[in-house]
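The values are calculated or read from the model by the stated rules, or taken from the named source; none is laboratory data. This is a predicted model, so every value here is computed, not measured. Virtual Cβ from ideal backbone geometry, glycine too; neighbours counted across all protein chains shown. For accessibility, only protein heavy atoms count, side chains too; no ligands or nucleic acids. Shrake-Rupley method; radii C 1.70, N 1.55, O 1.52, S 1.80 Å.
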Amino acid sequence: MGSSLLLPLLCAGVVTVATLFLPSSFASEAYPSAYGSGSCNVELIPVKREVYADGRIFDITHPYTPNMPTFGTDEGIGEVIWLEKSMKNGSITNNSHMKMPTHTGTHVDSPGHVFDHYFDAGFDVETLDLEVLNGPALLVDAPRDKNITAEAMESLQIPKGVRRVLFRTLNTDRKLMFKKEFESDYAGFTEDGARWLVENTDIKLVGIDYVSVATYDHIVSAHLPFLEGREVILVESLKLDDVPAGMYNVHCLHLRLPGAEGAPIRCILINNEVIERIPFDGRWSKGRPPSALHGVLVKAQGHSPPNKYTHPTASMARFKVLLLVPILLLMLLAMAEATPPGIANHPSHATCKNKEYKNCYNLVHVCPKFCPDSCTVECASCKPVCSDASSPPPDSDSSPVTPTPASPPPPTTTPSPSSSSPPPSPPVSDYPSPPPTVIPSPSPPPPVTSTTPPPFSPSPSANPLESPTPSPPTP
């Protein structure tokens, strides 16, 4: 496998990551295909959903309809939204108008709802703590045979540390929020139940499944313990049907209405991989919490008690990791194969260590990528060259050798100054170099017997012991 496979492997990795970790149809997740492409041949059917992300996100907010119940009347809330400007009537856009009471549908209460001095002081919905409205929450089933009294609260055995609890009551079983007529016999908190919760638990967010958290007979008295300390936030008319009991992350955001003691609110529950729902036989019903409650709360605090339950999302995540790891390894292997050996296995830089070459000494050179093993620097030319893999690289610390002409050993006599020749010139280079060391030149070679005259005349100071050159034979 060579560098030619690098690009296909990188492309395969990108496609695999996009396939595994992005939704199968990104556009259709945000805007379902039922909205259509605008073609006249496609029937447009809007999709309304209550559950998202394969069962991980639950919308627990009731939609606003004219037949939604409201406190104290059998007429419902009536028309909430109407089209004030219509494109069919010549307007350039469609514009709707909305009007409704603030304590209608899924909504939140502020302390000014039942305390007039809090209302005058400005404790409206803008003063509510968003941190309380968002975070780990416990969905429990309250006893179905009674209101939420002090006895019922004590029987639920909600441990200390739980700060957000959503109470599902008989109201959900009776589907009271789907009836137009107001039912005064709905289930809710009594005064002693509300006071017991405030004094004996750490709960700061209380959610319930009908128009009021307090029973009809304790409509004001049960609100007082909750809102008197300005620490507990009440969310009413939650849609809790078809949601399994357990631990979730709750996220509630209300409208910012300055001066209002109540406001519509949108709430969702998220069952993620960190806070998983522990299955059990039965629910928190009739005052009998399951033994798994402790495990749920421990998980909510960041621990993982041993259990055999594995959330499907966690299994899918593990499958994605197991599939992605081999592809990443192949990509790394392809990158390693495409890297030149001189860069991957050996230092990719070299320097000249000969101080005589001042212009090249200690200059860092990058080894050529085509070098099979490593490289060195030729100090004279100040260029990196590949090292021979079969032999050790040349020693760059050795001094340059000055070439000298070949000659026989010099005579024993000291040469005269007149017979000395100028020193040879150093080799020509593209880079400046220091002058070489001057080496004394030996005396000229002795005359050699030949048929041609010697190139130089014999010196008067030549050795007298040498034999004279014989004269050429007479023809």
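Model label sites at Y64 and L255, defined 7 Å from Cα along the beta-carbon direction, differ in position by 0.5 nm. Report note on the peptides 116-129, 45-58: ranked by the mean count of other C-beta atoms within 10 Å, highest first, their order is 116-129, 45-58. For the peptides 376-385, 320-329, the ranking by packing is 376-385, 320-329, with the highest mean count of neighbouring Cβ atoms within 10 Å listed first. Charge tally for Y186 (other residues, Cβ to Cβ under 10 Å; Lys, Arg +1; Asp, Glu -1): -2.
Under 5 Å between amide hydrogens, built in the peptide plane, is the criterion, and for A263 it picks out V108 among residues at least 5 positions away or on other chains.
Rolling a 1.4 Å probe across the protein heavy atoms gives the range 178-275 an accessible surface of 39 Å² per residue. Once you sort the root eigenvalues of the Cα gyration tensor of the range 39-172 as a ≥ b ≥ c, which label holds: rounded (a/c under 1.5), prolate (a/b larger than b/c) or oblate (the other case)? Prolate shape, in that a/c is at least 1.5 and a/b is the bigger ratio.
May I ask you to derive the relative contact order of the range 114-225, considering only C-alpha pairs under 8 Å and at least 6 residues apart, and to give it as an integer percent?
30 percent
Highest average first, the peptides 93-104, 180-191 ordered by how many other beta carbon atoms sit within 10 Å of their residues are 180-191, 93-104.
Taking a point 7 Å out from the Cα of K179 in the direction of its Cβ, none of the residues of the range 124-156 has a backbone N less than 11 Å from it.
Once a ≥ b ≥ c are taken as the square roots of the eigenvalues of the Cα gyration tensor of the range 109-215, is the result rounded (a/c under 1.5), prolate (a/b larger than b/c) or oblate (a/b not larger than b/c)?
Working: a/c = 1.64, a/b = 1.19, b/c = 1.38.
Since a/c reaches 1.5 but b/c is at least a/b, the shape of the range 109-215 is classed as oblate.
Treating r as the C-beta distance of D217 and S86 and R0 as 51 Å, the FRET efficiency rounds to 0.65.
What shape does the range 50-120 take by its C-alpha gyration tensor, where a ≥ b ≥ c are the square roots of the eigenvalues and a/c under 1.5 counts as rounded, a/b above b/c as prolate, and the rest as oblate?
Values: a/c = 1.99, a/b = 1.29, b/c = 1.54.
Here the range 50-120 falls in the oblate category.
Work out how much length D116 to D241 would gain on full extension: take 0.36 nm times their residue separation and subtract the Cα-Cα distance, in nm to one decimal. 41.5 nm is the gain from fully extending D116 to D241. Take S381, project a point 7 Å from its Cα along the Cβ direction, then tell me which residues of the range 346-375 have their backbone nitrogen under 19 Å from it. Backbone N within reach: 349-354, 357-375. Pairwise Cα distances in the range 182-269 exceed 14 Å in 69 percent of cases.
Among the protein heavy atoms of the range 45-170, carbon and sulfur supply 53% of the accessible surface, probe 1.4 Å, non-protein parts ignored.
Round to a whole angstrom and tell me the spacing of the C-alpha centers of the range 69-84 and the range 161-203. If we compute the Cα centre of each part, the gap is 23 Å. Measuring between alpha carbons in the structure, the pairs from K180/K239; K353/K383; K355/K383; K160/K239 lying more than 18 angstrom apart are K160/K239.
On full extension of the chain, what length is gained from R56 through T351, given 0.36 nm per residue of separation minus the C-alpha to C-alpha distance? Display every interim value, and only then the final one.
On the way: separation 295, 0.36 × 295 = 106.20 nm, distance 6.16 nm.
Length gained, R56 through T351: 100.0 nm.
If R0 is taken as 45 Å, the Cβ-Cβ distance between L333 and Y361 corresponds to a FRET efficiency of 0.65.
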